[in-house]
Structure formats: C-alpha cells, structure tokens
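Notes to accompany the following structure.
The values are calculated or read from the model by the stated rules, or taken from the named source; none is laboratory data. What you are looking at is a predicted structure, and each value in this text was computed from that prediction instead of being measured. Methodologically, a virtual Cβ is constructed for each residue, glycine included, from the backbone with ideal geometry; neighbour enumeration extends over all protein chains shown.
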Amino acid sequence: MRIYFLVGLLATGMVSLVAQVPSDSLHHDITLSSELEEITVTSSPVSRQPGITGASVSAITDHSLAKDGYLDLRAPLEQVPGLQMQSGAPNTSRITIRGVGTRTPYASNRVKAWFDEIPLTSGDGATTVGDLELSLVDRVEIVRGPSSAVYGPGMGGVLIFSPGLPDQGFRASVLSGLGSFGTFKNTGTLSYRKGNSFVQASVADSRSDGYRENSEYNRSNILLHGRLTAGIHSLSLLAGYTDLLAYIPSSVDLNSYLNTPQKAAANWLAMRGHRQYDKWQGGLSLKSEITKNLSNTLVLYGMNNDAYKTRPFNILDELTNTVGVREKLMLNMGRTSLMAGIEYFDEKYEWKIFEIVDGKEGQLQSSNSEKRHFINFQVHADYRLTPTTVVTGGVNVHRLFFSRSEEIGHLEEESHNYPWILSPRVGLNQRLSTTMYLYASAGHGFSAPSPEEALLPDGGINRDLKPEEGITIDGGLRGTFWHDRLQLNLTVYSINVRNMLMTRRDAEDIFYGENAGKTKHRGLETDLRLYILPYSKDRINMTLAASHTWMSNRFKHFIQDETDYSGKTLPGQPASMLNLSLEAEAPGGIFLQVRMRNESSQPRNFFLTLSYSF
C-alpha cells in the first residue's frame with residue numbers, strides 16, 4: 001500500500017501555465033453534468049463529449065498534470081482504472097492496460113502512444129512516455145481497448161498527449177519542483193499568440209539521486225510547438241529533444257528486496273550500468289478546410305534516437321531512424337461523419353554489441369541492422385441513429401514487412417512479411433437521460449513481435465512466431481447524480497487473446513519470444529468522484545475520488561515443455577487495484593492532497609506458489 005501526502009501552491013506568478021486558465025476550466029475534472037457537455041474527447045475521428053463516446057475513455061486534465069505529474073507521470077496515470085505503470089527506475093517503466101502486456105519484461109509494447117499527431121511508439125511496438133516533457137500538454141486521454149481506425153489496433157489501448165493553446169499575447173513562466181532523494185525539476189516556458197497563430201516553447205531539466213544505489217537520473221528536454229493559420233490552411237509544428245543519462249540499479253533477489261531494497265544489483269553497480277541517449281522527434285501537420293464539411297490532414301513525422309547502454313555482460317550501441325506519413329480525409333454529412341486515412345511508417349534500427357573490459361568498451365562482437373515498415377489503411381464512420389443514439393464503426397488493415405542483416409557473423413540478410421491483418425471495431429452509445437449514458441464496444445487488436453522476440457538465439461528470424469491478436473468487448477455506464485456532485489463511470493470487459501507473445505529468457509542477455517497459446521482477461525472498472533460541497537470559486541473546495549479495478553487474467557490453453565499451464569493465472573499483475581484521493585483547494589491555487597493506492601498481491605509464477613506485494 002502506498003500513501004502520499006502532497007501540499008502544493010499553484011499561484012499566479014509562480015506557475016502561470018495553470019493560473020491563467022479560467023477557474024471553471026481548472027475544475028473540469030470535477031465531472032459535473034456540464035463536463036459531459038463541455039469537455040471534448042479527441043481520441044475519435046469525430047470529436048465528441050465524453051458522455052456520448054462509444055469507448056472506455058479517461059482524461060487527465062492539465063490541472064491534474066500540474067499537481068500530480070510534474071515530477072512523475074506515474075501518479076496521474078495510475079489514477080485511471082485498469083492501468084498499471086510499473087517502474088524499476090525513472091527510465092524503465094512498463095504500462096499495462098487490463099492485464100495486456102504483462103509478459104513483456106522491459107517495455108510497454110501492447111500500448112500505443114501519440115503526442116498530438118506524432119506516434120511515440122517505435123516500429124517494434126515499444127512505447128516510451130517516461131521521458132516526455134509535459135509543460136505544454138493540455139490533457140492526456142487514455143483509451144482502454146483497441147482504437148483501430150484512429151490510432152492503430154494496439155492490443156491494450158492508446159495514450160494521447162495533446163498540447164494546449166497559449167493565451168493571446170506574450171507569456172512567460174518559470175516553475176520549480178522538489179522531491180525526495182535529491183529530486184528536482186526546473187521548467188521555463190515562453191509563448192506568443194496572435195489570433196489563431198502561435199508559437200510556444202519549453203525547456204526543462206530533471207535530476208534525481210534516486211533511492212537505490214546506482215539510480216541517478218539526469219534528463220534535459222526542449223519542446224517547441226507552433227501553428228500558422230492562413231485562409232483555409234493551418235500548418236502545425238511539434239518538435240522535441242531529449243538528452244538522458246540514467247543509471248540502472250537492476251533487479252535483486254527476494255532477500256535483498258525485503259531487507260536492503262536500496263541496494264543495487266552487485267554486477268550492475270560494479271560496472272556503473274547505465275543508459276544514455278539523444279533523441280530528436282517531431283512532425284509537421286497541414287490541415288486544410290476544403291469546404292465547410294470536408295477537411296484534409298497531412299502529417300509528416302520523424303525520429304532519431306542515438307542510444308548507448310553499458311551492461312555487466314556487454315555494451316549495446318543503438319541507432320534508430322524513423323520517418324512516416326499520415327493522410328486523413330474527413331467528411332461531415334449531417335448525422336453521418338466519415339473518415340478515410342492511410343499511414344506509411346519506415347524505421348531502420350541498427351545495433352552493435354561490444355565486449356566490456358573493466359567497465360570500458362572493448363572489441364566489437366556483432367553489428368546488426370533491422371528495417372521495419374508497415375502500411376495502415378483506415379476507415380471510420382460515425383452515425384447518429386436517433387437524437388439519443390450514436391453508432392460508430394471502423395476498420396484498420398495492416399501489413400508489416402521487416403528484414404535484418406548482420407555485418408559481422410555468418411548470417412546473410414533475411415526478410416519476413418506478416419500477412420495482412422484486418423482489425424474492425426464497432427461502438428454504441430445510448431443516452432438514457434440528460435446525465436446518464438450507456439455504451440458498448442467490440443474491437444480487434446494485435447501486436448507484432450519486437451526485434452528481441454522475433455529473433456532466435458542464433459540471430460535468425462523466427463518465422464513461426466505469430467502476432468498476438470485479441471478481441472475486446474466492453475460496456476458500461478456513465479452518469480452524474482446528486483445535483484451533479486457525484487460522477488460514476490462503470491465498465492465491464494472481456495478480452496480473448498490468441499498467440500499471446502511471451503518473452504522467454506535463457507540467460508541474462510539471451511531472450512526471445514514465443515507464442516503462449518490463448519488467454520482470457522475479464523474485469524470490472526469503477527471510477528467515482530464526489531464534489532463534497534457545491535463548487536464555488538470563492539471558497540475552499542473538497543473533492544473525494546476513488547477508482548478500483550478487479551480483473552482475472554488466465555491462460556485458456558498453454559503447454560510449455562510438456563507442462564500444462566491452462567487455467568493458471570498470468571503472473572505479474574494484481575487482481576485488485578484501488579486508488580483513493582482527498583483534495584482540498586483554496587482560492588489562489590493552494591491545495592492539500594492525500595492519495596492512497598493499494599494493490600493486491602501479484603503472483604510471481606504460474607502455480608501461485610510465489611507472490612509479492614507492497
């Protein structure tokens with residue numbers, strides 16, 4: 001169980017990014033019935049209010065990010081039911097949604113992420129959000145389940161980070177934050193806006209000594225966002241740079257975890273194991289309002305990531321270059337809205353492995369490269385069947401190609417193409433009253449094997465390995481009660497997965513993927529928020545929030561090495577996650593917040609003979 005006490009000051013002049021937002025916007029996460037009408041969800045091609053969205057969607061506002069996520073994104077994300085973010089260190093985290101992705105040891109590769117129109121998910125499916133700078137982010141939307149026709153058919157779901165618009169004129173702000181174990185962060189932002197055109201930039205520096213040995217963390221970010229509007233055209237730019245150096249304490253045995261958790265793994269400490277990289281990422285978006293009802297959006301994006309990782313057994317030198325293009329055409333015809341899109345993605349990943357001698361780089365042992373490119377065709381329709389009923393449907397068609405080569409060694413260049421994958425999705429939203437909605441959806445998602453999973457221990461391509469696929473069915477109730485002071489969001493879901501990808505590790509530096517048969521994920525997600533007194537901007541306001549997740553994740557059929565795991569629980573995921581928070585906020589931005597998170601014990605093996613909790 002984790003309990004947090006957070007006292008903060010969001011005052012004019014200290015953090016103008018928050019203080020300059022109108023007070024009713026500051027409190028739009030209080031979820032009154034008016035929120036269902038005023039907040040816009042953009043995770044669908046047709047922007048709608050949350051109440052009439054036929055999907056399981058949660059939103060984190062800029063106000064919540066400023067309070068909870070300034071030093072660590074984990075706190076606000078884990079308030080979302082169904083989501084768990086596990087972190088071994090600030091630079092190593094894994095996000096799972098509804099138990100999907102628990103068998104991936106080091107990355108979030110069943111969850112996709114986007115920064116506006118730019119994908120944060122690499123070609124191998126890995127998503128990194130821990131190094132994002134959030135000072136220009138207006139909100140984060142979390143879609144639980146596949147969102148095939150919009151952001152690709154990721155198995156677990158999608159995270160969308162949306163930058164906000166600056167106020168008119170010139171603005172500047174400076175913000176600093178302090179935390180335990182030598183943690184601090186300084187951020188400066190500048191913006192200028194005239195009419196619908198603007199430019200804004202932020203510079204941030206984050207540092208921490210860490211709780212454990214060999215866990216120092218240093219990160220610098222630069223983020224630039226701008227838009228130029230002329231006539232029917234709007235050109236947007238989003239560009240970011242990250243310079244990171246993070247030391248790695250790695251994992252320890254159970255005895256060390258219980259008695260000396262601050263200790264690092266001895267071999268990683270001796271070598272001062274760490275990861276460092278310079279990453280550039282950005283994109284250009286051109287939106288054209290061709291007619292009143294027809295618009296076109298063209299997006300060009302790219303990424304360069306030069307990474308270096310020192311490990312006890314070798315040194316890994318990586319270089320990733322990505323380019324992509326997205327084209328989206330939107331047509332609105334009264335009660336019907338249509339979207340058609342195409343995306344092409346190309347990525348080249350090069351990696352070299354050096355021997356390590358006294359903590360230094362030694363002789364080159366191998367040099368490899370892999371090329372991945374895929375194409376997506378997307379179609380989406382949104383139809384208002386009656387004044388109270390909205391039906392949505394979409395489909396994504398995907399094809400992935402990849403090849404790999406080894407410059408040092410005996411392997412020749414190999415290539416492999418996965419078959420076309422069709423991922424449909426349908427959704428329904430029924431309004432029961434002015435403050436209550438029923439919704440349901442069903443969708444297909446998949447995840448392709450990562451380079452580590454797709455390659456055999458000898459470096460060859462495992463052509464028998466299949467993408468992980470699944471069908472998600474969910475439904476729920478959204479509503480506000482008690483004179484708009486209580487919000488309820490209740491969701492029940494079922495996911496059937498086949499060809500589940502599971503990482504098998506034969507040695508510290510040898511691991512590969514295998515298909516682990518079929519799994520079934522079931523769960524109930526509850527999100528409650530109570531505004532204890534009627535909201536008033538002239539007095540202290542108190543909010544009580546609670547979210548709970550119950551889930552059961554089991555193998556339906558899986559036999560490995562003549563051992564039958566069918567019916568066993570998937571390790572590494574709790575059956576219950578509870579979040580409670582109580583917040584009091586006074587005029588001027590001073591607030592006191594108490595948070596508690598409880599997770600049930602998590603099985604460490606298939607037979608439930610070992611478990612852990614905290």
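Cβ-Cβ distances below 9 Å connect the following pairs, each with a first residue in the range 483-501 that is within 11 Å of HIS521 (Cα to Cα), a second residue that is hydroxyl-bearing (Ser, Thr, Tyr), and a separation of six or more residues or different chains: TYR493/SER56; TYR493/THR472; SER494/THR472; ILE495/THR472; ILE495/THR519; ASN496/THR472; ASN496/THR519; VAL497/THR519. Taking first residues from the range 299-311 that are surrounded by 19 or more Cβ atoms within 10 Å (Cβ to Cβ) and partners that are of a type in the set (Asp, Glu), the Cβ contacts under 7 Å between residues at least 6 apart in sequence or on separate chains come to VAL299/GLU117. Restricting attention to the range 107-155, the residues being outside any loop (DSSP other than H, G, I, E, B) and farther than 18 Å from ASN396 by Cβ number 9. Within the range 191-212, does at least one residue satisfy the condition of being surrounded by 15 or more Cβ atoms within 10 Å (Cβ to Cβ) and not in a strand (DSSP E or B)? The answer is yes, given that some residue of the range 191-212 is surrounded by 15 or more Cβ atoms within 10 Å (Cβ to Cβ) and not in a strand (DSSP E or B). With respect to the conditions (1) over 27 Å from SER58 (Cα atoms); (2) crowded, with 19+ Cβ neighbours inside 10 Å; (3) in contact with a helix residue (DSSP H, G or I) (Cβ under 8 Å, 6 or more places away or on another chain), ARG171 lacks only one, and its number is (2).
If only residues of the range 313-329 that are under 17 Å from ASP278 (Cα atoms) and among the charged types (D, E, K, R) are counted, the one that is farthest from the chain's Cα centre (by Cα) is ASP317.
Would you confirm whether or not the range 139-153 contains a residue that is surrounded by fewer than 19 Cβ atoms within 10 Å (Cβ to Cβ), in contact (Cβ under 8 Å) with a residue 40 or more places away in the chain and within 30 Å of TYR439 (Cβ to Cβ)? So far as the range 139-153 goes, no, none of its residues is surrounded by fewer than 19 Cβ atoms within 10 Å (Cβ to Cβ), in contact (Cβ under 8 Å) with a residue 40 or more places away in the chain and within 30 Å of TYR439 (Cβ to Cβ).
Only one of the numbered conditions (1) closer than 24 Å to SER56 by Cα; (2) crowded, with 17+ Cβ neighbours inside 10 Å; (3) not acidic (Asp, Glu) is not met by ALA516, and that is (1). For the range 467-499, the set of residues classified as within 23 Å of GLY393 (Cα to Cα), of a type in the set (Ser, Thr, Tyr) and buried (at least 17 other Cβ atoms within 10 Å of the Cβ) consists of THR472, THR491, TYR493, listed by residue number.
Please count how many residues of the range 344-361 are without any contact (Cβ under 8 Å) to a residue 60 or more places away in the chain and over 21 Å from GLU407 (Cβ atoms). Total meeting the criteria: 4. Name the residues in the range 214-233 that are part of a loop (DSSP other than H, G, I, E, B) and on the phi < 0 side of the Ramachandran plot, would you? Once the filter is applied, which keeps residues that are part of a loop (DSSP other than H, G, I, E, B) and on the phi < 0 side of the Ramachandran plot, the range 214-233 yields SER215, GLU216, ILE232.
Filtering the range 167-182 for residues that are assigned to a strand (DSSP E or B) and within 18 Å of LEU244 (Cα to Cα) leaves an empty set.
Going by the conditions given, is LYS185 under 25 Å from the mean Cα position of the chain (by Cα), of a type outside the set (S, T, N, Q) and modelled with pLDDT of 90 or more? So LYS185 fits the description; yes.
Residue check: MET333 meets all listed conditions (1) hydrophobic (A, V, I, L, M, F, W, C); (2) without any contact (Cβ under 8 Å) to a residue 60 or more places away in the chain; (3) surrounded by 15 or more Cβ atoms within 10 Å (Cβ to Cβ); (4) under 22 Å from THR297 (Cα atoms) but one, namely (3).
Considering the range 320-330, the residues that are closer than 15 Å to LEU300 by Cα and among the β-branched types (Val, Ile, Thr) include one that is surrounded by the most Cβ atoms within 10 Å (Cβ to Cβ), namely THR322.
Which of the residues that make up the range 263-279 are assigned to a strand (DSSP E or B) and surrounded by fewer than 15 Cβ atoms within 10 Å (Cβ to Cβ)? Spell out the reasoning first.
Applying the first criterion (assigned to a strand (DSSP E or B)) to the range 263-279 yields 274-279.
Residue satisfying the conditions is ASP278 alone.
A count restricted to the range 540-558 and to residues that are in a strand (DSSP E or B), over 12 Å from LEU582 (Cα atoms) and among the hydrophobic types (A, V, I, L, M, F, W, C) stands at 3. The number of residues in the range 559-585 being touching a strand residue (DSSP E or B) at 6+ places or on another chain (Cβ under 8 Å) and either within 21 Å of ARG522 (Cα to Cα) or in a loop (DSSP other than H, G, I, E, B) (or both) comes to 15.
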